[in-house]
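Working notes, beginning with the structure itself.
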Amino acid sequence: MKIVDHRLYHDNGEPYPYQETPNKRGVIKPRYLVMHYTAGSSAASAIRTLTSSRARASAHIVIGRDGKITQLAPFNIKTWHAGKSRWKELKSLNSHSIGIEIDNAGPLTKVADGWKTWFNKTLDSSEGIEAIHKLQKRSKGWQIYPEQQLDALMELSELLVTEYQLEDILGHEDIAPKRKQDPGPAFPMEEIKARVFGRGDEDEQEITYEVVPEDGLNLRSGPGTRYDKLEGSPLPKGTRLEVVGVYERWCEVEVLDVVNGEMDLEGWVGSRHIKRV
Ligand SMILES: [Zn+2]
(Lines give C-alpha, C1' and ligand atoms only; values in the text may rest on other atoms or scores of the structure.)
Protein backbone atom coordinates (compact mmCIF):
# COMPACT_ATOMS: atom_id res chain seq x y z
CA MET A 1 0.00 0.00 0.00
CA LYS A 2 1.21 3.52 -0.78
CA ILE A 3 0.02 7.11 -0.90
CA VAL A 4 0.32 9.27 -4.00
CA ASP A 5 -1.05 12.79 -3.95
CA HIS A 6 -3.02 12.03 -0.75
CA ARG A 7 -4.77 9.04 -2.32
CA LEU A 8 -4.32 5.40 -1.43
CA TYR A 9 -2.94 2.84 -3.90
CA HIS A 10 -1.88 -0.78 -3.89
CA ASP A 11 1.85 -1.35 -4.44
CA ASN A 12 1.08 -2.34 -8.05
CA GLY A 13 -0.38 1.13 -8.70
CA GLU A 14 -4.04 0.12 -8.61
CA PRO A 15 -6.10 2.62 -6.62
CA TYR A 16 -8.10 1.59 -3.58
CA PRO A 17 -11.87 2.09 -3.93
CA TYR A 18 -12.63 5.81 -3.74
CA GLN A 19 -16.09 7.26 -3.18
CA GLU A 20 -15.75 10.96 -2.72
CA THR A 21 -17.75 12.57 0.04
CA PRO A 22 -19.17 16.06 -0.44
CA ASN A 23 -18.75 16.59 3.32
CA LYS A 24 -15.29 18.11 3.36
CA ARG A 25 -13.69 21.51 3.18
CA GLY A 26 -10.25 23.08 3.25
CA VAL A 27 -6.69 21.83 3.32
CA ILE A 28 -5.20 20.49 6.54
CA LYS A 29 -1.83 19.35 7.77
CA PRO A 30 -2.82 16.32 9.83
CA ARG A 31 -1.03 15.66 13.14
CA TYR A 32 -3.14 12.80 14.51
CA LEU A 33 -5.00 9.70 13.43
CA VAL A 34 -8.47 9.39 14.98
CA MET A 35 -10.19 6.02 15.25
CA HIS A 36 -13.96 5.58 15.21
CA TYR A 37 -16.45 2.77 15.00
CA THR A 38 -19.36 3.24 12.64
CA ALA A 39 -21.99 1.87 15.08
CA GLY A 40 -23.74 0.72 11.93
CA SER A 41 -24.86 -2.46 10.25
CA SER A 42 -22.33 -2.58 7.39
CA ALA A 43 -19.46 -0.74 5.74
CA ALA A 44 -21.72 -0.08 2.73
CA SER A 45 -24.33 1.66 4.87
CA ALA A 46 -21.61 3.71 6.58
CA ILE A 47 -20.23 4.77 3.20
CA ARG A 48 -23.75 5.71 2.02
CA THR A 49 -24.26 7.89 5.10
CA LEU A 50 -20.83 9.49 5.05
CA THR A 51 -21.11 10.40 1.37
CA SER A 52 -24.61 11.85 1.70
CA SER A 53 -24.67 15.66 1.90
CA ARG A 54 -27.61 15.43 4.29
CA ALA A 55 -25.51 13.60 6.86
CA ARG A 56 -23.04 16.44 7.36
CA ALA A 57 -20.59 13.80 8.58
CA SER A 58 -17.67 12.10 6.88
CA ALA A 59 -14.25 10.56 7.37
CA HIS A 60 -11.24 9.83 5.20
CA ILE A 61 -11.52 6.06 5.34
CA VAL A 62 -14.07 3.30 6.01
CA ILE A 63 -12.76 -0.18 6.80
CA GLY A 64 -15.13 -3.14 6.47
CA ARG A 65 -15.11 -6.19 8.70
CA ASP A 66 -13.45 -8.08 5.85
CA GLY A 67 -10.62 -5.52 5.79
CA LYS A 68 -11.83 -3.75 2.67
CA ILE A 69 -10.64 -0.15 2.64
CA THR A 70 -12.62 2.64 0.96
CA GLN A 71 -11.30 6.18 0.82
CA LEU A 72 -13.82 9.04 0.91
CA ALA A 73 -11.57 12.11 0.74
CA PRO A 74 -7.89 12.98 0.12
CA PHE A 75 -5.92 12.77 3.36
CA ASN A 76 -4.98 16.47 3.29
CA ILE A 77 -8.58 17.67 3.10
CA LYS A 78 -10.65 18.29 6.23
CA THR A 79 -13.48 15.82 6.80
CA TRP A 80 -16.15 15.91 9.51
CA HIS A 81 -15.59 12.99 11.85
CA ALA A 82 -14.55 14.44 15.21
CA GLY A 83 -17.17 17.11 15.98
CA LYS A 84 -16.63 19.18 19.10
CA SER A 85 -13.37 17.81 20.38
CA ARG A 86 -10.16 18.66 22.16
CA TRP A 87 -6.67 17.21 22.53
CA LYS A 88 -3.88 18.97 24.39
CA GLU A 89 -3.81 22.53 23.03
CA LEU A 90 -5.99 21.72 20.02
CA LYS A 91 -9.72 22.17 19.58
CA SER A 92 -11.82 20.82 16.70
CA LEU A 93 -9.66 17.88 15.72
CA ASN A 94 -11.22 17.75 12.25
CA SER A 95 -8.70 20.44 11.31
CA HIS A 96 -5.76 18.40 12.59
CA SER A 97 -6.48 14.75 11.94
CA ILE A 98 -7.19 11.91 9.58
CA GLY A 99 -10.39 10.05 10.53
CA ILE A 100 -10.89 6.32 10.10
CA GLU A 101 -14.34 4.76 10.50
CA ILE A 102 -14.22 1.07 11.34
CA ASP A 103 -17.30 -1.05 10.67
CA ASN A 104 -18.42 -2.22 14.11
CA ALA A 105 -21.81 -2.23 15.82
CA GLY A 106 -20.45 -0.87 19.09
CA PRO A 107 -22.24 -1.80 22.34
CA LEU A 108 -24.08 -5.14 22.43
CA THR A 109 -26.78 -6.60 24.64
CA LYS A 110 -26.38 -10.10 26.02
CA VAL A 111 -29.01 -12.58 24.82
CA ALA A 112 -29.45 -16.30 25.48
CA ASP A 113 -27.11 -17.66 22.80
CA GLY A 114 -24.94 -14.66 22.04
CA TRP A 115 -25.37 -10.94 21.55
CA LYS A 116 -27.78 -8.48 20.01
CA THR A 117 -26.82 -5.19 18.32
CA TRP A 118 -28.81 -1.99 18.80
CA PHE A 119 -30.27 -2.60 15.32
CA ASN A 120 -31.51 -6.01 16.44
CA LYS A 121 -29.07 -8.26 14.68
CA THR A 122 -28.17 -11.38 16.61
CA LEU A 123 -24.47 -12.21 16.83
CA ASP A 124 -22.66 -15.35 17.82
CA SER A 125 -21.18 -15.36 21.33
CA SER A 126 -17.66 -15.27 19.84
CA GLU A 127 -18.43 -11.94 18.13
CA GLY A 128 -18.64 -9.98 21.34
CA ILE A 129 -16.73 -9.46 24.54
CA GLU A 130 -17.78 -8.14 27.89
CA ALA A 131 -15.64 -5.24 29.05
CA ILE A 132 -15.70 -2.01 31.03
CA HIS A 133 -15.20 1.10 28.92
CA LYS A 134 -12.41 3.26 30.32
CA LEU A 135 -14.84 6.15 30.70
CA GLN A 136 -17.58 4.06 32.32
CA LYS A 137 -18.10 2.01 35.45
CA ARG A 138 -20.19 -0.93 34.41
CA SER A 139 -19.25 -3.76 32.15
CA LYS A 140 -21.23 -4.38 28.95
CA GLY A 141 -20.96 -6.13 25.61
CA TRP A 142 -18.93 -4.83 22.67
CA GLN A 143 -18.53 -6.23 19.18
CA ILE A 144 -15.02 -7.49 18.50
CA TYR A 145 -12.88 -6.26 15.60
CA PRO A 146 -11.97 -9.22 13.36
CA GLU A 147 -8.33 -9.95 12.47
CA GLN A 148 -8.69 -9.13 8.75
CA GLN A 149 -10.07 -5.72 9.68
CA LEU A 150 -7.30 -5.05 12.20
CA ASP A 151 -4.60 -6.21 9.80
CA ALA A 152 -5.79 -3.76 7.15
CA LEU A 153 -6.10 -1.02 9.76
CA MET A 154 -2.59 -1.61 11.09
CA GLU A 155 -1.01 -1.53 7.66
CA LEU A 156 -2.88 1.66 6.80
CA SER A 157 -2.07 3.27 10.17
CA GLU A 158 1.63 2.58 9.79
CA LEU A 159 1.60 4.10 6.33
CA LEU A 160 -0.33 7.20 7.38
CA VAL A 161 1.80 7.80 10.47
CA THR A 162 4.98 7.54 8.41
CA GLU A 163 3.74 9.51 5.41
CA TYR A 164 2.29 12.40 7.42
CA GLN A 165 4.63 12.09 10.43
CA LEU A 166 1.62 11.86 12.73
CA GLU A 167 2.26 12.36 16.42
CA ASP A 168 -0.20 9.90 17.89
CA ILE A 169 -3.24 7.71 17.36
CA LEU A 170 -6.35 8.75 19.30
CA GLY A 171 -9.83 7.38 19.82
CA HIS A 172 -12.92 9.52 19.36
CA GLU A 173 -13.55 8.74 23.03
CA ASP A 174 -10.23 10.43 23.90
CA ILE A 175 -10.99 13.71 22.16
CA ALA A 176 -14.74 13.93 22.97
CA PRO A 177 -15.05 11.94 26.21
CA LYS A 178 -18.35 13.49 27.28
CA ARG A 179 -20.13 12.55 24.06
CA LYS A 180 -18.39 9.54 22.56
CA GLN A 181 -17.40 6.01 23.44
CA ASP A 182 -15.86 4.84 20.16
CA PRO A 183 -13.79 2.87 19.30
CA GLY A 184 -14.44 1.35 22.75
CA PRO A 185 -12.82 -1.37 24.85
CA ALA A 186 -12.86 -4.08 22.17
CA PHE A 187 -10.47 -1.96 20.10
CA PRO A 188 -6.79 -2.92 20.62
CA MET A 189 -5.46 0.64 20.72
CA GLU A 190 -2.27 -0.16 22.64
CA GLU A 191 -1.39 -3.00 20.31
CA ILE A 192 -1.81 -0.75 17.30
CA LYS A 193 0.26 2.02 18.88
CA ALA A 194 2.94 -0.48 19.87
CA ARG A 195 3.12 -1.73 16.31
CA VAL A 196 3.04 1.67 14.67
CA PHE A 197 5.28 3.60 17.06
CA GLY A 198 7.09 0.86 18.94
CA ARG A 199 9.68 -0.25 16.48
CA GLY A 200 13.03 1.02 15.41
CA ASP A 201 13.79 3.87 17.72
CA GLU A 202 16.24 2.07 20.01
CA ASP A 203 17.61 5.33 21.37
CA GLU A 204 14.27 6.64 22.41
CA GLN A 205 12.98 6.21 25.90
CA GLU A 206 11.06 2.95 26.18
CA ILE A 207 7.34 3.15 26.73
CA THR A 208 6.19 1.45 29.92
CA TYR A 209 2.91 -0.43 30.22
CA GLU A 210 1.14 -1.81 33.27
CA VAL A 211 -1.24 -4.66 34.05
CA VAL A 212 -4.84 -3.43 34.26
CA PRO A 213 -7.10 -6.24 35.63
CA GLU A 214 -7.76 -6.27 39.39
CA ASP A 215 -7.18 -10.01 39.55
CA GLY A 216 -3.96 -9.88 37.57
CA LEU A 217 -2.90 -11.10 34.14
CA ASN A 218 -1.44 -14.40 33.02
CA LEU A 219 1.97 -14.42 31.41
CA ARG A 220 2.07 -17.10 28.70
CA SER A 221 4.70 -18.82 26.64
CA GLY A 222 3.10 -17.71 23.36
CA PRO A 223 0.46 -15.42 21.84
CA GLY A 224 -2.76 -17.23 22.79
CA THR A 225 -4.63 -18.77 25.71
CA ARG A 226 -3.58 -22.21 24.44
CA TYR A 227 -0.01 -21.48 25.53
CA ASP A 228 1.20 -22.39 29.00
CA LYS A 229 1.04 -19.98 31.89
CA LEU A 230 4.54 -19.01 32.93
CA GLU A 231 6.09 -18.46 36.32
CA GLY A 232 4.89 -15.21 37.86
CA SER A 233 1.29 -15.70 36.61
CA PRO A 234 -0.93 -13.98 37.30
CA LEU A 235 1.11 -10.78 37.21
CA PRO A 236 -0.46 -8.48 39.81
CA LYS A 237 -2.39 -5.37 38.75
CA GLY A 238 0.06 -2.50 38.24
CA THR A 239 3.02 -4.72 37.28
CA ARG A 240 5.16 -2.70 34.87
CA LEU A 241 5.97 -4.15 31.44
CA GLU A 242 7.87 -3.27 28.34
CA VAL A 243 6.38 -4.42 25.01
CA VAL A 244 9.00 -5.99 22.75
CA GLY A 245 6.80 -7.67 20.17
CA VAL A 246 3.23 -7.94 18.93
CA TYR A 247 1.27 -10.75 17.33
CA GLU A 248 -2.42 -10.25 16.63
CA ARG A 249 -3.97 -9.31 19.97
CA TRP A 250 -1.00 -10.37 22.04
CA CYS A 251 2.04 -8.48 23.21
CA GLU A 252 5.40 -10.05 23.97
CA VAL A 253 6.64 -8.36 27.12
CA GLU A 254 9.55 -8.06 29.48
CA VAL A 255 8.43 -7.70 33.08
CA LEU A 256 10.17 -4.70 34.65
CA ASP A 257 9.21 -5.47 38.27
CA VAL A 258 10.22 -8.34 40.51
CA VAL A 259 7.21 -10.67 40.79
CA ASN A 260 7.12 -13.33 43.56
CA GLY A 261 10.86 -12.93 43.91
CA GLU A 262 11.42 -13.55 40.18
CA MET A 263 13.35 -11.04 38.10
CA ASP A 264 13.53 -10.66 34.32
CA LEU A 265 10.32 -12.56 33.54
CA GLU A 266 9.37 -12.62 29.84
CA GLY A 267 6.35 -13.89 27.97
CA TRP A 268 3.10 -12.94 26.24
CA VAL A 269 0.03 -11.12 27.56
CA GLY A 270 -3.33 -10.15 26.04
CA SER A 271 -2.93 -6.62 24.67
CA ARG A 272 -6.36 -5.53 25.90
CA HIS A 273 -5.30 -5.97 29.49
CA ILE A 274 -2.35 -3.60 29.57
CA LYS A 275 -2.15 0.17 29.28
CA ARG A 276 0.52 2.80 28.84
CA VAL A 277 1.72 4.29 32.10
ZN1 LIG B 1 -16.62 8.55 16.25
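The values are calculated or read from the model by the stated rules, or taken from the named source; none is laboratory data. These numbers come from a predicted model, not from an experiment. Every residue, glycine among them, receives a Cβ derived from its backbone with ideal geometry; neighbour counts consider all protein chains shown.
In the set (1) in contact with a strand residue (DSSP E or B) (Cβ under 6 Å, 6 or more places away or on another chain); (2) assigned by TED's automatic domain parsing to the domain that holds His6, Val277 fails one condition alone, (2).
Of all residues in region 224-244, those satisfying the criterion of being in a strand (DSSP E or B) and exposed (fewer than 15 other Cβ atoms within 10 Å of the Cβ) are Lys229, Val244. Only one entry in Leu256, Leu265 is buried (at least 19 other Cβ atoms within 10 Å of the Cβ), in contact (Cβ under 8 Å) with a residue 24 or more places away in the chain, over 23 Å from the mean Cα position of the chain (by Cα) and farther than 23 Å from His133 by Cα, namely Leu265. Considering region 76-97, and only residues there that are of a type in the set (A, V, I, L, M) and more than 13 Å from the ligand (Cβ to nearest atom), the residue that is farthest from Ile3 (Cα to Cα) turns out to be Leu90. Name every residue in region 165-196 that is of a type in the set (Asp, Glu), within 14 Å of the ligand (Cβ to nearest atom) and touching a helix residue (DSSP H, G or I) at 6+ places or on another chain (Cβ under 6 Å), in order of residue number. Once the filter is applied, which keeps residues that are of a type in the set (Asp, Glu), within 14 Å of the ligand (Cβ to nearest atom) and touching a helix residue (DSSP H, G or I) at 6+ places or on another chain (Cβ under 6 Å), region 165-196 yields only Asp182. Return the only residue of Gly67, Gly13 being touching a helix residue (DSSP H, G or I) at 6+ places or on another chain (Cβ under 8 Å), assigned by TED's automatic domain parsing to the domain that holds Glu127, away from the ligand (no atom under 16 Å from the Cβ) and not aliphatic (A, V, I, L, M). When all the criteria are applied, what remains is Gly67. In region 38-48 there is at least one residue matching the filter, namely being in the same structural domain as Ser125 (by TED's automatic domain parsing), more than 27 Å from Thr162 (Cβ to Cβ), within 13 Å of the ligand (Cβ to nearest atom) and of a type outside the set (A, V, I, L, M, F, W, C). The set of residues in region 14-35 being within 23 Å of the chain's Cα centre (by Cα) and either at pLDDT below 95 or basic (Lys, Arg) (or both) consists of Lys29, Arg31.
Okay, residues lined up against (1) in the same structural domain as Lys178 (by TED's automatic domain parsing); (2) over 24 Å from Tyr9 (Cα atoms); (3) exposed (fewer than 14 other Cβ atoms within 10 Å of the Cβ):
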position	(1), (2), (3)
Pro74	yes, no, no
Asn94	yes, no, no
Asp103	yes, no, no
Gly114	yes, yes, no
Phe119	yes, yes, yes
Gln143	yes, yes, no
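Could you check, for region 164-172, whether at least one of its residues is part of a loop (DSSP other than H, G, I, E, B) and touching a residue at least 12 places away in the same chain (Cβ under 8 Å)? First the steps, then the outcome.
Initially, region 164-172 is screened for residues part of a loop (DSSP other than H, G, I, E, B), giving 165-167.
Retained after the next criterion (residues that are touching a residue at least 12 places away in the same chain (Cβ under 8 Å)): 166-167.
Checking region 164-172: at least one residue is part of a loop (DSSP other than H, G, I, E, B) and touching a residue at least 12 places away in the same chain (Cβ under 8 Å).
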